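Each reported figure results from applying straightforward, stated rules to the coordinates on display, with no laboratory input. As the structure is a prediction and not an experimental result, all values here were calculated from the model. With ideal geometry, Cβ positions are generated from the backbone for all residues, glycine too; neighbour counts draw on all protein chains shown.
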């Protein structure tokens with residue numbers, strides 16, 4: 001046989017070349033990294049903004065989730081048995097050219113908390129996230145059973161701000177490192193009806209966070225969340241891009257007046273004045289302002305009704321909580 005008869009045909013050479021190139025690409029391709037650039041927010045420059053409010057029971061990983069999003073230790077996690085004062089805080093960072101403002105609400109929806117504290121901190125939360133949050137992030141421990149207390153807190157939020165609030169909600173399942181081969185879908189299949197109801201009402205928007213993750217793993221989960229937030233914002237369009245209702249509009253009106261005073265007094269721009277005012281709220285310098293805004297919004301009446309029923313914690317109680325809060329809201333409108 002002639003040696004030249006053993007030469008491969010052109011199609012065979014082409015397949016061989018494609019195979020070699022594929023092997024080279026697999027061996028040498030760069031590891032795909034999530035596109036995530038962080039930096040400090042500019043306190044004076046007007047940037048695109050995303051406002052987030054973290055909600056959930058104590059121990060569900062709210063503060064740790066906020067730290068993962070911002071890329072630094074912005075919030076101190078609060079343990080349920082801790083005597084540490086639980087107050088709302090607001091921290092910011094620039095993520096992919098967007099100023100991300102995160103408001104942590106430690107213990108605000110805990111049903112065993114003093115009502116006066118709850119009134120003050122909910123008012124504070126509304127002011128710190130003014131003119132309204134783009135997203136409410138509800139943190140739930142992935143491998144813990146969803147409790148009646150958590151569901152009551154969820155219903156309390158709806159009772160105070162209306163069912164519209166769930167349209168702006170994303171669930172973050174925390175402690176993702178405990179999955180150990182189990183999928184989220186498998187966990188949800190055996191979850192209580194209340195958990196399934198929550199997921200249905202938020203249109204199954206969720207991401208999984210392992211707040212112990214570092215480097216690329218941590219960045220990847222933040223990218224997933226930010227993409228979901230962007231999708232949510234684009235769904236509503238410019239007019240409904242963030243959550244508003246009568247309460248948030250009243251708060252923004254009062255804040256606007258205070259911001260204009262600071263602009264005149266210090267000869268500064270609107271953003272710098274707003275940042276100054278937010279810092280004053282955080283530092284406890286505007287407690288009388290918060291009291292007045294809380295009264296204007298009728299927060300006390302809403303929470304009185306909500307907490308009275310929420311202390312029971314059953315599904316029936318949660319339903320009664322919503323009805324009672326709605327009744328209180330109508331009462332506020334009449335007064």
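Quick notes on this one:
- A simple packing score, the average count of other Cβ atoms within 10 Å per residue, orders the peptides 285-295, 130-140 as 130-140, 285-295, with the highest score first.
- Cα-based Rg / Dmax (Å) for region 118-194: 14.6, 42
- Mean Cβ count within 10 Å, highest first, over the residues of peptides 169-175, 210-216: 169-175, 210-216
- Shape parameters for region 65-181, alpha-carbon atoms, Rg then Dmax in Å: 14.7, 44
- FRET efficiency, 1/(1 + (r/R0)^6) with R0 41 Å, evaluated for residue 283 and residue 183 via beta carbons: 0.40
- DSSP-defined antiparallel bridges as percent of all bridges, region 55-209, nearest 5: 40 percent
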